[in-house]
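Beneath this line is the structure, given in structure tokens, with notes to follow.
The values are calculated or read from the model by the stated rules, or taken from the named source; none is laboratory data. Predicted, not measured: the structure shown is a model, and the values here were computed from it. Heads up, the Cβs are rebuilt from the backbone with ideal geometry, glycines too, and the neighbour counts pull from every protein chain shown. Remember, those area values only see protein heavy atoms, side chains included, never the ligands or the DNA or RNA. Shrake-Rupley method; radii C 1.70, N 1.55, O 1.52, S 1.80 Å.
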Amino acid sequence: MSESALREQRLEAARRRGYLVLCACSVAIHAAIAAQELPHGNWRAALVALLSAALLPAILSRQVSAQRLDTLVVWAANLGAAYFLWDFYGRDLRLGARESLTVPLFFAVWLGLLPLRQAALRGGLLYMALAALVLRHWPTDPVPLLYTGFLMFLIGQMTVAGRQIQQELSRTARYADLALTDPLTGLLNRRSLERRLEDHYGPQTSSVRPVAMTPPAPGEGTAPIGLLLIDIDLFKAVNDTHGHETGDQVLVAAGQTLRACARSGDLVARWGGEEFVLLVAAGERAVLEHICGRIRRTLAEQDWPEALPRVTVSVGAALASEAHDAAGLLNLADRRLYRAKHAGRARMNMDDVQAADLSGDALALSAALPELTSSR
């Protein structure tokens, strides 16, 4: 799941918690008021308590969307404001502390859920209606009315400032997502993957790692992460034969396939060109082989658009326990990827690569370089 989706989930959960607290407090307060006033024939507070309690099932139900829940709360605030004015007029009340705090509460709800102009219009109408009811008892003490207006102005100013800060933070987060995301495929980019590898191999300050998807550094008794370096075979021929636009579509389709084959804790990134990296959490050799087999089967069996040529992939696999740092892990996976291609492509390689083999790999790579650059 992307970072933006996670942020949306956290915001919705926080919003539901806020609604739950608001309705529960409304039920408790108006139930206490009703207990005092029902013996005197005033049933309005009991009605508000029942309406507030009726919102609780909708807040707790996941079947009610956040947008519909916002609409319900706005209508509850509208009805609550109308009831407040009705009660204030019917009982010929004087403006006291309870009333001075109730009006800004409705205004705060409107500001939180409605566009600024709509919230300001509702708040202004409510305040003018309250002022008309208060000033009919002239001469009267103007301080409570002025205090209520000051509270509403303060809440409005703080809300505007908070929205500006939220917009700036959202803009910053969006730029951060763009900096860590490949614009073509929507996958993580090379920079983001390098950061994740640094989180795994970086210095450890405690026995618990700060990144949930990666285990501690090798040698601490936990399964290491695994890395699959995946290259689309003969991709240059795809571009030359079908054009670069079709080549881009193949990259997007391949990225979607890799994302579908990855597990929930794995990470998929575009490494560059036609190369992708799948970072496997708690990876072992059998797990890497299983995921690689799933990728190859999916590419062979899934229904691609007729305009897109079918492709195969070559994979170089490595475990974090086989390397001392991120560069060594990537270098090992890259050498195994070269061996997979040299052995005929459309396969995975995880053969042991000894230090003595490095010179042989270098000579073979130099000899095969013209072929790989023209047909890789």
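Mind running the shape call on region 238-312? Use the C-alpha gyration tensor, a ≥ b ≥ c as the square roots of the eigenvalues: rounded below 1.5 for a/c, prolate if a/b tops b/c, oblate otherwise.
On the way: a/c = 2.58, a/b = 1.83, b/c = 1.41.
Prolate shape, in that a/c is at least 1.5 and a/b is the bigger ratio.
With a cut-off of at most 16 other beta carbons within 10 Å, and DSSP calling the residue loop, which trypsin sites (Lys or Arg not before Pro) in region 11-89 qualify? Please list them.
Values: sites: 15, 16, 17, 44, 62, 68; in loops: 62.
Answer by residue number: 62.
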### Query
Using the alpha-carbon centroid of each, what span in Å lies between region 50-117 and region 137-156?
20
### Task
Report the FRET efficiency, 1/(1 + (r/R0)^6), for residue 171 and residue 237, where r is their Cβ-Cβ distance and R0 is 41 Å, rounded to 0.05.
0.45
### Task
Might you tell me the accessible area per residue for region 106-170, computed with a 1.4 Å probe and given in Å²?
63
### Task
On the full set of protein chains, 1.4 Å probe, figure out the accessible area of residue 25 and give it in Å² to the nearest 10.
70
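Carbon and sulfur atoms: what percent of the 1.4 Å accessible area of region 1-160 do they account for? Provide the component values of the computation, followed by the final result.
Numbers: 6660 of 9700 Å².
Roughly 69 percent of what the probe reaches on region 1-160 is carbon or sulfur.
Give the ranking of 87, 92 by solvent-accessible surface, highest area first, calculated with a 1.4 Å probe.
Details: 87 15, 92 75 Å².
My answer, sorted largest first, is 92, 87.
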### Query
Given a 1.4 Å probe and the protein chains all in place, what does the accessible area of residue 263 round to, in Å² to the nearest 10?
90
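At a temperature of 37 °C and a viscosity of 0.692 mPa s, determine how fast region 29-85 diffuses translationally according to Stokes-Einstein, using the Kirkwood radius over alpha-carbon pairs as Rh; express D in µm²/s, rounded to the nearest whole number.
266
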### Task
Quote the accessible area belonging to residue 264 in square angstrom, nearest 10, computed with a 1.4 Å probe and with ligands, DNA and RNA left uncounted.
120
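Tally Lys/Arg at +1 and Asp/Glu at -1 over every other residue whose Cβ is under 13 Å from the Cβ of residue 136; what's the total? Please report the intermediate quantities before stating the final value.
Numbers: positive: 94; negative: 92.
Charge balance in the 13 Å sphere: 0.
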### Task
Tell me which residues come under 5 Å, amide H to amide H, from residue 188 once H is placed; ignore anything under 5 positions away on its chain.
182, 268, 270
### Summary
Karplus ³J(HN,Hα) for region 322-338 (6.51 cos²θ - 1.76 cosθ + 1.60, θ = phi - 60°; Hz, whole; x = Gly/Pro) runs 8, 9, 8, 8, 5, 4, x, 5, 5, 5, 5, 5, 5, 5, 6, 5, 4
### Message
Can you compute the radius of gyration and Dmax for region 103-201, using only the Cα atoms, both in Å?
### Response
23.5, 76
### Query
With each label point set 7 Å from Cα along the Cα-Cβ vector, what nm distance links residue 60 and residue 140?
4.1
### Task
Percent of Cα-Cα pairs per 5 Å bin, from 0 to the last occupied bin, for region 245-361, please list those.
2, 11, 20, 24, 20, 12, 6, 3, 1, 0
